[in-house]
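Each remark here refers to the structure printed beneath this line.
The values are calculated or read from the model by the stated rules, or taken from the named source; none is laboratory data. Because the structure is predicted, anything quoted here is derived from the model rather than measured. Don't worry about glycine lacking a Cβ; one is built from the backbone with ideal geometry, like all the others, and counts go over all protein chains shown.
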Protein chains: 2
Amino acid sequence: MNQETKAEVIDLSALQVACRDCTLFQLCLPIGLGEADLARLERIIKTKRYARRGDYIFRRGEGFRAIYAVKAGSVKTVTIAEDGREQVTGFHLPGELFGLDAIAGGSHCASARALERTTLCEIPFDSLEDFGEEVPAILRQMLRIMSREIQRDHTLAHLANRSAEERLAAFLISISNRYRERGFSGSEFHLTMSRSDIGNYLGLAVETVSRLFTRFQHEGLLAARSKHIQLLDVDGLQGIAGEAVCVRGASR
Amino acid sequence: MNQETKAEVIDLSALQVACRDCTLFQLCLPIGLGEADLARLERIIKTKRYARRGDYIFRRGEGFRAIYAVKAGSVKTVTIAEDGREQVTGFHLPGELFGLDAIAGGSHCASARALERTTLCEIPFDSLEDFGEEVPAILRQMLRIMSREIQRDHTLAHLANRSAEERLAAFLISISNRYRERGFSGSEFHLTMSRSDIGNYLGLAVETVSRLFTRFQHEGLLAARSKHIQLLDVDGLQGIAGEAVCVRGASR
DNA sequence: CGCGCAGTTGACGTGCTTCAACCGCCGTGG
DNA sequence: CCACGGCGGTTGAAGCACGTCAACTGCGCG
């Protein structure tokens, strides 16, 4: 993965996760599928669905048909309350899955929108279940993936009794770790979502988020040129964030 | 714990969910298992683990061995941050599962403690996976159960940008719905957790929670005698809560 | 060129937290 | 028997962190 960041032309292929770094691919990779099974799984997974900034991947209320993985780009999921207020429920970076919450109800509770030009893998849930009928290891792996999502959501719940400062620091650390886990730089990245998305997600006003970014910058914790973020003192941020929860893997 | 409150003696068996109302039992019931399989599943599920108020079901850091269902009583799960602050991540009522977040990491991120005298079903995860190897429908059902948990957690995330009033109303509606779904009264129940647990869970100070209870009471929305709650105007509370999210099943 | 939106910054108001005092309840021990 | 200390819960008073309102900037786009 050519990480030719810094000043030069951005190579799109460099921003893609390799299949082996993708959560979705964990479905087949580490569980010892035979050649034949692997080929079959690859037929099931439809790669190459594209979306541009603002495009909907699916909308709230639509029937549940498939789960998705981000190959390149990024996605947000939002729910909409009666009164029209939106709530961002999550951001999804390259290699991550989304749409899992719809398995139970049969229809999507949230809408998913691309935050930038995004490539997705789509895997029809019916086919996945059929396949899992023959190869249960697939389903076991799905359990693990969903468990991790639950764990992450619980970590997020932590934010409820934390200060604005702690929330934003935790958010940045989380993004950083997730990028790093997928083989990108954890200290320098683009925040593809708007400040208001971040605020909404963290339960803060846009203005508060903005003020915190400048404060963090003055304190030498990070450098921000609009959406381009460079973490200068990860430990410092980690300290503010108040140390994430779990024994291992901490911040996801 | 003799709950001989006010007038009548409470029949303990009446406070238990029937197996068919238990989330765990959904593993076998609706998917057409044969007699033999069903019998085998019942051998796997160890019923009857007891816990008294304050007892730990499992502790943070312990190896993950089993998932649990509440048969009677109630449970809270809490994580502990570096600085010692506790964070309540969930309450679990009769018929509900907990411990699912540990599947991914292999050890528990949270501790689980009984809120009162509690009866639990314990199902060793190894056995469940082995069984799922032969009967994949089991695993498919697990996916659904976990999906619902993710969905619920996302609903919770909503609370982030809501007022204290909205949070508590939403919390009460949620508890009410969950009791009702399991065949208990949705309008009159015991809140087995302390006010400070509620506050912690919702990200509010104890005092705020307390003040809200008295305000709701003055407004005729509910009647509270310490932990015993009677919802007098569910629609009113629903209105304050701001209508839960999903197309169906709303508030779980 | 002008519009609109995202982001920043300042001034102000307030909903919540914090601090504090107090009550009722319960278990413990003199 | 009462005294006691501790804990959970309620209530009041005071402070502050954050939201709200508003003005301004820069930038992309038609």
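Before moving on, here are some points about what is shown:
- Qualifying position, being at the interface with another protein chain (Cβ under 8 Å from one of its Cβ atoms) and within 12 Å of the chain's Cα centre (by Cα), among A:89, A:79: A:89
- Residue, farthest from DNA strand C (Cβ to nearest atom), within the range A:206-223, restricted to residues that are outside any helix (DSSP H, G or I) and surrounded by 15 or more Cβ atoms within 10 Å (Cβ to Cβ): A:221
- Of all residues making up the range A:224-244, the number that are within 14 Å of chain B (Cβ to nearest Cβ) and within 14 Å of DNA strand C (Cβ to nearest atom): 1
Conditions (1) within 14 Å of DNA strand D (Cβ to nearest atom); (2) in contact (Cβ under 8 Å) with a residue 24 or more places away in the chain; (3) not hydroxyl-bearing (Ser, Thr, Tyr), marked per residue:
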residue: A:176; (1), (2), (3): no, yes, no
residue: A:180; (1), (2), (3): no, no, yes
residue: A:193; (1), (2), (3): no, yes, yes
residue: A:207; (1), (2), (3): yes, no, yes
residue: A:220; (1), (2), (3): no, no, yes
residue: A:231; (1), (2), (3): no, yes, yes
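- Counted residues, the range A:230-240 - those being surrounded by 20 or more Cβ atoms within 10 Å (Cβ to Cβ) and either charged (D, E, K, R) or under 21 Å from residue A:70 (Cβ atoms) (or both): 0
- Residue in the range B:155-163 that is within 16 Å of DNA strand C (Cβ to nearest atom), closer than 30 Å to residue A:91 by Cα and of a type in the set (D, E, K, R) present: yes
- Residue among B:159, B:128, B:202 that alone is facing chain A (nearest Cβ under 8 Å) and modelled with pLDDT under 95: B:159
- Only one entry of A:139, A:143, A:202 meets the criterion of being assigned by TED's automatic domain parsing to the domain that holds residue A:238 and in contact with a Leu (Cβ under 9 Å, 6 or more places away or on another chain), and that entry is A:202.
- Taking the listed residues A:107, A:111, the one that is over 19 Å from residue A:193 (Cα atoms) and at pLDDT 80 or above is A:107, with no other qualifying.
- Residue B:192 vs. criteria part of a loop (DSSP other than H, G, I, E, B) and either more than 18 Å from residue B:73 (Cα to Cα) or away from chain A (no Cβ under 14 Å) (or both): yes
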